[in-house]
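Encoded as structure tokens, the structure appears first; notes follow it.
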Amino acid sequence: MQWAEALHVQWCAAGCDPAAFWSHTIRGVFRVLRGAGLARRRAYTDTLLAAWNGARASATELRDLVDEVSQADGPRKQLPPQALAAALSSMANKLGAISMAEYRARVWGRK
């Protein structure tokens, strides 16, 4: 595979319009790919942070959040404490509990 084809494949994998690839300079292509990489990393970090906060949230905090969200759609049935505890336990088992220092080290490579 030649370099132009390989670069075009990377362009398409980043979610860019395949036809627009040919209207950019090499510098412009690399700039767009760098931006797509930063956007992907930001989305990953946001998702990881939301999962970490969800795993660390107490039952009371989650109950308050569910109440706030459910008020927008109307009244909802409250989860029994046993079901909420089981959901939190399952989430912690699947996500794994990590400290904030571990999270920073994994995401940013520092403590």
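The values are calculated or read from the model by the stated rules, or taken from the named source; none is laboratory data. Because the structure is predicted, anything quoted here is derived from the model rather than measured. Every residue, glycine as well, gets a Cβ built from its backbone with ideal geometry; the counts of neighbours run over all protein chains shown.
Got a sec? Which of Gly74, Gly37, Gly28, Gly15 is modelled with pLDDT under 80 and surrounded by fewer than 15 Cβ atoms within 10 Å (Cβ to Cβ)? Spell out how you get there, then give the answer.
On the way: Gly37 fails: modelled with pLDDT under 80; Gly28 fails: modelled with pLDDT under 80; Gly15 fails: modelled with pLDDT under 80.
Residue meeting the stated conditions: Gly74.
Every condition in (1) among the charged types (D, E, K, R); (2) modelled with pLDDT of 80 or more; (3) more than 20 Å from the chain's Cα centre (by Cα) is met by Glu68 except one, and the failing one is (2).
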